[in-house]
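In what follows, a structure is listed as structure tokens, so that the remarks can point back to it.
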Amino acid sequence: MKKLACVIALSSASFFAQAHNVTPGSSPEQAVLLQGGTLYTVTQGTLQNTDILMLDGKIAEIGTGLAVPEGARVIDISGQHVYPGLIAMDTTLGLVEMSQIRATVDTNEVGLVTPEVMAHQAFNADSEIIPTVRYNGITHAQVVPQGPLVRGQSSLMQLDGWNWQDALEKGPVGMHLTWPRAGLNTAWWERRSPEAQRKANEEQLERLRDTFNTAKAYHQARLAGALNRVDQRWEAMRALFTGDLKLFIHADDRRQIVQALEFTREFGFDLVIVGGRDAWMEADALVEADVPVVFGAPYGLPSRVDDAYDMAFSTPAKLAEAGVDFAIAYPGFWDTRNLAFAAGHAVAFGLDYDAAITAITYAPAKILGVEEQLGSLQTGKQATLIVSKGDVLDHLGQSITYMFIDGREVNLSNRQRQLYEKYQERLNAD
Amino acid sequence: MKRIAALCSSGILAVTVAWSSAAGQTTPVQGLHHHNPTLVALTNATLVTEPGQRIENATLVIEHGKIRSIERNNRAPAGARVIDASGYTLYPGFIDPYSNYGVEAAGRSANTGRSASPEYTNEREGGNASNMAIHSQKDWYSTFKADTDAAKAYVEHGFTTVQSARLDGIFQGRATTVSLADTLPNYAIYQARTRQFASFDKGSSTQQYPNSLMGSIALIRQTLADARWYGEAQGKTTGSGRVEFNAALAALQNLTEQGVIFHSNNEQDLLRAARVFAEFEIPITAVGSGFEYSRLDEIKASGTRLILPLDFPAAPDLSEQFAELDVSVADLRHWERAPANPAILAEAGIEFAFTLHGMSKRGDFWPNVRKAVAHGLSKDQALAALTTIPARFAGVAGESGRLAAGYNADFLVARGDLFSDGEIVSVWLQGEETKLKPMHPSNLSGTYSLVLDGAELTLELTDNTRIQGKLSVGDESVNLFNASKTDARVRFSADLTDLGMPGVFRFSLNQSAIGQLRGTVQDAMGRVHAINAQADSDSTEAASENGGDDASAVADFVGQLTFPNVGFGRTEAPSQQNLHIRNATVWTADDQGILENADIIVRSGLIHRVGQNLSTPRGYTVIDASGMHITPGIIDEHSHIAISAGVNEGTEAITSETRIGDVVNPDDIHIYRSLAGGTTVAHLLHGSANPIGGQGQTIKLRWGASAEDMKFTQTPPTIKMALGENVKQSNWGDLYRVRYPQTRMGVATIIQDAFQQAREYEQAKRDYENLSRADRRRTAPPRTDYRLEALVEILNNDRHTHVHSYVASEVLALMDVVERLGFRIHTFTHILEGYKVANEMREHGARASSFADWWAFKIEAFDAIPHNMCLMMEAGVLTSINSDSNDLQRRMNTEAAKSVRYCGMDEHDALKMITYYPAQQLEIDRYVGSITPGKHADLVFWNNHPLSAYAQVQQTWIEGRKYFDRADDLAKREALEQERQALIQKVLAAGSEAQRGNRSNYRQQQPTWHCEDNHDVWLDWFGEHHHDHHHGHEFGGAH
């Protein structure tokens, strides 16, 4: 089978001149049996030398020495590691092709309050970026609109689709809100006085409250039949009040998190904190309110000059210790592919290995409400998994040999591999 | 014995008509000739003639605006107007050596702001400089005029004299020292032409160049060299015609005699200014920032004299919970220690004067002087900083700053000790008094007894800002109303009906002696009665006579003073240790490969031996490194940490004269953070905004050292060049479409042209050297051109190029151009498409330093691949990984590991990409880059395979000194948190007093610089608009 993969790669190189992307995988007729791998099931521990059988897009069976069904494709993966497909939270994948070229950027709608926009509608399933991200084991990505206040709705995409409708795993999955600044901007270019800044922060908060009060009044008026006109914005926000949509609040500063918790308690929303740089400082409150965190800075500089150099690296360990439910994210587009390494780095700074794997598989699935289908290796779940020659969290181990999404094998080639192979030919010819 | 107040003493000195006594010299008199007497004697005074010199019971005699004599026998000359100054102290008038009094401020061009189109040249008129920020030819006496309102703000604090110029631009012109008297300029000007004022800030100049601190320094250097050349060229001819007339350069001749007063924004700028002027052997006097205490020894060693704004910072507002999240320990420390800055400087023997310049509130001047005294500055030192020292700085030491015969009659009259709780009652300017307070003020507070119409009344008065009181008979009392006070006279009304005297009575009383009020009252019938009110003894407030002693106070600090003075700073440099490191896995990054269970002997900062089971030399510290991996210190070929005020001089297309070495910022916390990631050497590069940028500077991350001591001096000179989108200004907006080049064609051509000029320049210099002595006497030497000097060095392989580059075409074009010019590109940096032209690069002899995996942020990065390093190495190109990011610089090990991940690179080779290979690219591989005997003991201890995601740095050593230790770091966090809480408590306990002072008097963090960050650090507009601009480079930087 390894040879086959090579042939696929070489053939794609040969039609490079036309190729801009690789073809999505097709559903196999027959069962696929992966034999003899080390399975990181996430929910049921690590299973050595275990087989996993995939059929009709589902994990049909997990066990040792499974019988080979009639006509099944058998892949020997002994010595290799199997993980659930990695889920990248809080990305702009498919919304951005080249960040500095405006025409290729579909992240920010105009205005402060744009709850009506849905990221999946702009998701470019043919983005050249996506195959390079899959290459590092990511099968799914939450794509999120950007913006200064009420951003719009995110969706969960699987990363091997013909178009966005094909790629849509679940959508929308959440309403996104950028929490107003709660502290002072201490950047050198900020010229407003601390007083003026505090006042501006208050005003932003007031504006936010007004927005939600209006949305709530709209919802109630519609329920009561008192309003016949449709407002796209408030209509989009009704799902928050009916409890059908979670609220993802992007908040990093401690004071933002405190305010966000209070705010949500008042409105009764189902809350997720995204970013969560200071979440460890409010760990108890988050646990008590049962609010999960999508921690967005597993790499990165300390945000304050006096912070410990490893603040970002060691925060996941602190959250885990305090019992906060959290996922690790690597917000961005092309660089989201470093997600697994970032989780590995958190391990270097104290996070338990299994917790790190959970933070990029099961924890995101749970936050997105797809834990019945995704995020762990369990019989009956979607056959979405990756096979790596070594430890997926370590640069020295990660080497994805197979990826399956919903039982379909994913072609791991990509633009960068193709360029590599093309110029290898030039070097070799020399 | 109560003193009898002199009646209305100041009233006698009704202000004489300004300049009337002196108008006669050249101004024809219109109308009558005035001859007011000017002979005045202030008797019985205490004279502080200069710091440390005090004469009691003396008489100061003044006449014609000068001090005529000081009489110790306390006799006034016949005919003098005598003023009894018993109980008063006379000080010399204060001198502010840094001001813009009486000089019109610079106009603001309409062409500023974000929407302004870039200007690259100066309008030339009258022999001015080619740069709009150079005003050296201006003589500010020539437009000087007295300005009554502006003078008042000085005089009320005791100042009589200022040195003044327009505070605008880099060379600002010659200041003038003037009296603050309201008189004709002809009489106010004491010294017409004094010091040349200067700064790094280009001020009102709308010319693009310079837009960075290093650009300003380069411009100063070039201007000083030009001035020298101009002097030498006078009377000679040049190869290109006659020597131009240049008033700006002419004005800079003899700058040492003129003296330079340089405005610095912080102590690093102060040192930078001192250094660039020292290259031309010109000492400077620097206007300080209040941060001098934090780099005291260096400032002392620079020999710079100081002018200190007496502005202390207000504490950050911490009244709300969690407000401290926005506050750094560095700021809290500065709040606590800034008032001690003058005392610390005085103790170190650094000479300084005070200035009112830069004070956010001038009303804070005296409270701050006293605060400085309370923090240990002696009163004599404080007085010297206001009189004798600024007199020298302002070029008037022979006539101002002391009370002595022949000196200007500029002095002040004070009640009490000014440096503890006294007050200035009047200031004399050129022999004429400006009254601030009544010389003999009355405080009428007290309880008085008086008899009215036979009744015994008690009058209670409170005389604070407002006068209030009541009249009573027995238990019955009535409040006073309409109460007012002028000098010693009080007027009030009272309805005395309740006291048995129907109607409203109107009183008018005058203090005839302390404790005695005399006057009249008009009753309800309009009749007038005499009143004589006598105070009960002890009820009046005695005038405070608290002289205070001169013993220096000792301040008590809860904050630390570290190097640099920020969180995680060091209290002292780490000591150099001789080491025996045992039993580690040693990644040598040389031919020895990876050695298991190996020992390293470190002697005198160098690797002495590497091997197994080595014996411990006597006296060596043994470190058991079992389970540890040791690698050489990581070397980053492309870094922008530790740089102040601009990474790009992105104005003109060629700025090879600028030097990152001029703006190394040793205070940057990223130095420490990078050490914590195992990085020991960083090549600090100019940005990528122009085809030929500035000169690079390699540093060792010696956290705590000075900017100079951080420099890795053995590194051969380097320079940044750049190609592609950034230099052709593709992403700069529509206004930036005028600078050549705008295409990759133009980029290649302008580089070719620049080097052609350099060749011709070198030839011209050689031709001059070859002239006969006689010819040389007639011929002006070639002007030193620092821009071309750097290019000549490149042509001669004395300076190595590091070229920001992305796409194949531009790389080939540059190699083609320089091969024809006869030199080779040393290292291509970023070189994202290097894999496409790796063979050509190898043939050319170029090296490569690239990002591990960045791509897709712009079109020229769309063919970047993470396999680039493997392909280039395979082709035989020496390849390294660089960070170009203060974040990635902390984990370059895993950046290198990406080549293992993506293209299976050998692990030891991958490690060499961040150690040995970048050392070769910087030509420092003789010293660093591998664990080889004889090289620097720059070592990193890891707790895991050094390329693994799980590796954590435990220790980082530079030359046998331990600069980072994980365990120490954990302890430092604790200590820092405790210090922070103690400082917060101190701020909170100080209450509102902590909030007094300047809110913006803190050092701002230097931003995270990126290759393409290019803005004018001198323009205000930037700050106002920058937050609209997408600066965050959401993907860690756009390069």
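If we scan the stretch A:68-80, do we find a residue that is within 20 Å of A:Val370 (Cα to Cα), in contact (Cβ under 8 Å) with a residue 60 or more places away in the chain and buried (at least 22 other Cβ atoms within 10 Å of the Cβ)?
No, the stretch A:68-80 contains no residue that is within 20 Å of A:Val370 (Cα to Cα), in contact (Cβ under 8 Å) with a residue 60 or more places away in the chain and buried (at least 22 other Cβ atoms within 10 Å of the Cβ).
Taking the condition within 14 Å of chain A (Cβ to nearest Cβ), touching a strand residue (DSSP E or B) at 6+ places or on another chain (Cβ under 8 Å), crowded, with 19+ Cβ neighbours inside 10 Å and closer than 30 Å to B:Pro716 by Cβ, does B:Leu911 pass?
Working: within 14 Å of chain A (Cβ to nearest Cβ): yes; touching a strand residue (DSSP E or B) at 6+ places or on another chain (Cβ under 8 Å): yes; crowded, with 19+ Cβ neighbours inside 10 Å: yes; closer than 30 Å to B:Pro716 by Cβ: yes.
Yes.
Yes/no per residue for (1) part of a strand (DSSP E or B); (2) more than 28 Å from B:Asp269 (Cα to Cα):
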| site | (1), (2) |
| --- | --- |
| B:Thr631 | yes, yes |
| B:Glu637 | yes, no |
| B:Ala645 | no, no |
| B:Ala689 | no, no |
| B:Gly693 | yes, no |
| B:Arg702 | no, no |
| B:Thr713 | no, no |
| B:Asn731 | no, yes |
| B:Tyr740 | no, yes |
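Condition first: crowded, with 23+ Cβ neighbours inside 10 Å and either more than 28 Å from B:Trp1009 (Cα to Cα) or in contact (Cβ under 8 Å) with a residue 60 or more places away in the chain (or both). Now tell me which residues in the stretch B:882-899 satisfy that.
If the condition is that a residue be crowded, with 23+ Cβ neighbours inside 10 Å and either more than 28 Å from B:Trp1009 (Cα to Cα) or in contact (Cβ under 8 Å) with a residue 60 or more places away in the chain (or both), then B:Asn882, B:Ser883, B:Asp884, B:Ser885, B:Asn886, B:Leu888, B:Gln889, B:Arg890, B:Arg891, B:Met892, B:Asn893 are the ones that fit.
Any idea how many residues of the stretch B:148-166 are crowded, with 22+ Cβ neighbours inside 10 Å, farther than 24 Å from B:Arg370 by Cβ and of a type outside the set (A, V, I, L, M)?
Selection size over the stretch B:148-166: 2.
Yes/no per residue for (1) out of contact with any Asp or Glu (no Cβ under 9 Å at 6 or more places or on another chain); (2) closer than 20 Å to B:Gly694 by Cβ; (3) more than 14 Å from chain A (Cβ to nearest Cβ); (4) in a helix (DSSP H, G or I):
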site	(1), (2), (3), (4)
B:Leu814	yes, yes, yes, yes
B:Glu819	yes, no, yes, yes
B:Arg824	yes, no, yes, no
B:Glu843	yes, no, no, yes
B:Ser849	no, yes, yes, no
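Return yes when B:Arg980 is within 11 Å of chain A (Cβ to nearest Cβ), over 26 Å from B:Gly633 (Cβ atoms) and either surrounded by fewer than 19 Cβ atoms within 10 Å (Cβ to Cβ) or in contact with a helix residue (DSSP H, G or I) (Cβ under 9 Å, 6 or more places away or on another chain) (or both) and no when it is not. Outline the logic, then answer.
Details: within 11 Å of chain A (Cβ to nearest Cβ): yes; over 26 Å from B:Gly633 (Cβ atoms): yes; either surrounded by fewer than 19 Cβ atoms within 10 Å (Cβ to Cβ) or in contact with a helix residue (DSSP H, G or I) (Cβ under 9 Å, 6 or more places away or on another chain) (or both): yes.
The answer is yes for B:Arg980.
I'd like to know if the stretch A:305-323 contains one or more residues that are touching a Gly at 6+ places or on another chain (Cβ under 9 Å), under 20 Å from B:Ala949 (Cβ atoms), surrounded by fewer than 24 Cβ atoms within 10 Å (Cβ to Cβ) and touching a residue at least 60 places away in the same chain (Cβ under 8 Å).
Taking every residue of the stretch A:305-323 in turn, none turns out to be touching a Gly at 6+ places or on another chain (Cβ under 9 Å), under 20 Å from B:Ala949 (Cβ atoms), surrounded by fewer than 24 Cβ atoms within 10 Å (Cβ to Cβ) and touching a residue at least 60 places away in the same chain (Cβ under 8 Å).
Mind telling me which of the residues B:Ala133, B:Ala78, B:Ala105 ends up being surrounded by 24 or more Cβ atoms within 10 Å (Cβ to Cβ) and out of contact with any strand residue (DSSP E or B) (no Cβ under 6 Å at 6 or more places or on another chain)? Before you say what the answer is, go through the steps one by one.
Details: B:Ala78 fails: surrounded by 24 or more Cβ atoms within 10 Å (Cβ to Cβ); B:Ala105 fails: surrounded by 24 or more Cβ atoms within 10 Å (Cβ to Cβ).
Just one listed residue meets the conditions, B:Ala133.
Kindly list the number of the only condition in (1) more than 11 Å from every other protein chain (Cβ to nearest Cβ); (2) closer than 30 Å to A:Ile400 by Cα; (3) of a type in the set (D, E, K, R) that fails for B:Asp968.
(2)
Identify, from the list B:Ala864, B:Ala852, the residue that is surrounded by 23 or more Cβ atoms within 10 Å (Cβ to Cβ), free of Cβ contacts under 8 Å to residues at least 60 places away in the same chain and either at positive phi or more than 39 Å from the chain's Cα centre (by Cα) (or both). Lay out the reasoning, then the answer.
Details: B:Ala852 fails: either at positive phi or more than 39 Å from the chain's Cα centre (by Cα) (or both).
Answer to the check: B:Ala864.
Would you be able to tell me the number of residues in the stretch B:573-598 that are touching a residue at least 12 places away in the same chain (Cβ under 8 Å) and assigned to a loop (DSSP other than H, G, I, E, B)?
Total satisfying the criteria: 10.
Looking at A:Ala251, A:Ala200, which one is under 20 Å from the mean Cα position of the chain (by Cα), within 14 Å of another protein chain (Cβ to nearest Cβ) and closer than 30 Å to B:Ser1000 by Cβ? Don't jump to the end; show me each part of the working.
On the way: A:Ala200 fails: under 20 Å from the mean Cα position of the chain (by Cα).
Among A:Ala251, A:Ala200, only A:Ala251 is under 20 Å from the mean Cα position of the chain (by Cα), within 14 Å of another protein chain (Cβ to nearest Cβ) and closer than 30 Å to B:Ser1000 by Cβ.
Checking A:Tyr402 against (1) among the hydroxyl-bearing types (Ser, Thr, Tyr); (2) over 30 Å from B:Leu871 (Cβ atoms); (3) assigned to a strand (DSSP E or B): exactly one of these is not met. Which one?
It is condition (2) that A:Tyr402 fails.
Run B:Asp925 past the list (1) touching a residue at least 12 places away in the same chain (Cβ under 8 Å); (2) more than 8 Å from chain A (Cβ to nearest Cβ); (3) not aromatic (Phe, Trp, Tyr) and report the number of the one that doesn't hold.
(1) is the only condition that B:Asp925 fails.
Could you please find all residues in the stretch A:22-49 being among the β-branched types (Val, Ile, Thr), surrounded by fewer than 21 Cβ atoms within 10 Å (Cβ to Cβ) and in a strand (DSSP E or B)?
A:Thr38, A:Thr46
Taking the residues in the stretch B:309-325 that are within 11 Å of chain A (Cβ to nearest Cβ), in contact with a Lys or Arg (Cβ under 8 Å, 6 or more places away or on another chain) and not in a loop (DSSP other than H, G, I, E, B) as candidates, determine which candidate is surrounded by the most Cβ atoms within 10 Å (Cβ to Cβ).
That would be B:Glu324.
Filter the stretch B:623-646 down to the residues that are in contact with a helix residue (DSSP H, G or I) (Cβ under 8 Å, 6 or more places away or on another chain) and either away from chain A (no Cβ under 13 Å) or under 22 Å from B:Thr827 (Cα atoms) (or both) and list them by number.
Step one: filter the stretch B:623-646 for residues in contact with a helix residue (DSSP H, G or I) (Cβ under 8 Å, 6 or more places away or on another chain), giving B:631-632, B:634-637, B:639, B:641-646.
Those that are in contact with a helix residue (DSSP H, G or I) (Cβ under 8 Å, 6 or more places away or on another chain) and either away from chain A (no Cβ under 13 Å) or under 22 Å from B:Thr827 (Cα atoms) (or both): B:Thr631, B:Pro632, B:Ile634, B:Ile635, B:Asp636, B:Glu637, B:Ser639, B:Ile641, B:Ala642, B:Ile643.
Counting residues that are within 24 Å of the chain's Cα centre (by Cα) and at pLDDT 95 or above, which strands (runs of 3 or more DSSP E) fully inside the stretch B:111-207 reach at least 2?
On the way: elements: B:159-164, B:171-174, B:176-179, B:189-191, B:196-199.
Once the strands (runs of 3 or more DSSP E) in the stretch B:111-207 are filtered for at least 2 residues that are within 24 Å of the chain's Cα centre (by Cα) and at pLDDT 95 or above, what remains is B:159-164, B:171-174, B:176-179, B:196-199.
Scan the stretch B:330-349 and tell me whether some residue there is within 14 Å of chain A (Cβ to nearest Cβ) and touching a helix residue (DSSP H, G or I) at 6+ places or on another chain (Cβ under 6 Å).
Among the residues of the stretch B:330-349, at least one is within 14 Å of chain A (Cβ to nearest Cβ) and touching a helix residue (DSSP H, G or I) at 6+ places or on another chain (Cβ under 6 Å), which makes the answer yes.
Do you know which residues across the stretch A:378-396 are more than 17 Å from A:Ser27 (Cα to Cα) and either crowded, with 24+ Cβ neighbours inside 10 Å or without any contact (Cβ under 8 Å) to a residue 12 or more places away in the chain (or both)?
Residues satisfying the conditions are A:Ser388, A:Val392, A:Leu393, A:Asp394, A:His395, A:Leu396.
Quick check on B:Gln253: is it buried (at least 18 other Cβ atoms within 10 Å of the Cβ) and either aromatic (Phe, Trp, Tyr) or within 31 Å of the chain's Cα centre (by Cα) (or both)? Outline the logic, then answer.
Details: buried (at least 18 other Cβ atoms within 10 Å of the Cβ): no; either aromatic (Phe, Trp, Tyr) or within 31 Å of the chain's Cα centre (by Cα) (or both): yes.
When the stated conditions are applied, B:Gln253 does not pass them.
The values are calculated or read from the model by the stated rules, or taken from the named source; none is laboratory data. These numbers come from a predicted model, not from an experiment. Every residue, glycine among them, receives a Cβ derived from its backbone with ideal geometry; neighbour counts consider all protein chains shown.
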